[in-house]
1. Working only within region 48-84, note down all residues that are out of contact with any strand residue (DSSP E or B) (no Cβ under 7 Å at 6 or more places or on another chain) and among the basic types (Lys, Arg).
2. Do you know which of the residues in region 12-26 that are out of contact with any Ser or Thr (no Cβ under 8 Å at 6 or more places or on another chain) and assigned to a strand (DSSP E or B) is nearest to TRP82 (Cα to Cα)?
3. Could you check, for region 66-74, whether at least one of its residues is surrounded by 14 or more Cβ atoms within 10 Å (Cβ to Cβ) and hydrophobic (A, V, I, L, M, F, W, C)?
4. Looking only at region 18-52, which residues are β-branched (Val, Ile, Thr), farther than 26 Å from GLY89 by Cα and under 19 Å from the mean Cα position of the chain (by Cα)?
5. Any idea which of LEU131, LEU88 is of a type in the set (A, V, I, L, M, F, W, C), within 15 Å of ASN47 (Cβ to Cβ) and open to solvent by 50 Å² or more (accessible area, probe 1.4 Å)?
6. How many of the residues making up region 91-110 are open to solvent by 60 Å² or more (accessible area, probe 1.4 Å), over 11 Å from the mean Cα position of the chain (by Cα) and aliphatic (A, V, I, L, M)?
Amino acid sequence: TTYINASPLVGCKINKELSIGGGIIYNYFSQTNSYGKKFTSTVYGGNLFARYLIFENAFAQVGWDRLSVPDFFSSVKNNRVWVDNILLGGGYRQAFSERGSFVAAIFYNINQSPLSPYPNPIIQVGFNVGL
């Protein structure tokens, strides 16, 4: 099984508590079953988010992902559809330098559909690096 996710974000601080931003999303998945049949899939698109700092290290966040996904329910081979995901949640950040922090968050896709690539809940971890 191979899974590759590249989802860089760019954000901007509006004030001390509020940040907004967006990014691109690319996911590649490949798996070979026990009979030697290979399955591959790609998901790509973009996202927007708004993050509000509630306490010094805790935040609430809302996001919108618009993703092109394989339409497994279509009778047309290799058909793709655009799926919108509305993500609500929050998380914790821990600074490790003046301009960097570790971030862990949990989200719930309130617009879940059979074609949504995210199972609920969605757990994300990553790093913020300020310029």
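1. Listed by number, the list holds a single entry, LYS77.
2. GLY22
3. Scanning region 66-74 turns up at least one residue that is surrounded by 14 or more Cβ atoms within 10 Å (Cβ to Cβ) and hydrophobic (A, V, I, L, M, F, W, C).
4. Passing the criteria: none in range.
5. LEU88 is the lone residue from the list that is of a type in the set (A, V, I, L, M, F, W, C), within 15 Å of ASN47 (Cβ to Cβ) and open to solvent by 50 Å² or more (accessible area, probe 1.4 Å).
6. Count: 2.
Residue-by-condition table, conditions (1) in contact with a helix residue (DSSP H, G or I) (Cβ under 6 Å, 6 or more places away or on another chain); (2) of a type in the set (Ser, Thr, Tyr); (3) open to solvent by less than 50 Å² (accessible area, probe 1.4 Å):
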{"position": "THR1", "(1), (2), (3)": "no, yes, no"}
{"position": "LYS13", "(1), (2), (3)": "no, no, no"}
{"position": "TYR26", "(1), (2), (3)": "no, yes, no"}
{"position": "TYR44", "(1), (2), (3)": "no, yes, no"}
{"position": "ILE54", "(1), (2), (3)": "no, no, no"}
{"position": "ALA58", "(1), (2), (3)": "no, no, yes"}
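The values are calculated or read from the model by the stated rules, or taken from the named source; none is laboratory data. All values derive from a computational prediction rather than experimental measurement. When we count neighbours, we look across all protein chains shown, and the Cβ atoms used for this are built from the backbone with ideal geometry, even at glycine. The accessibility values were calculated without ligands, DNA or RNA, using every heavy atom of the protein model including side chains. Shrake-Rupley method; radii C 1.70, N 1.55, O 1.52, S 1.80 Å.
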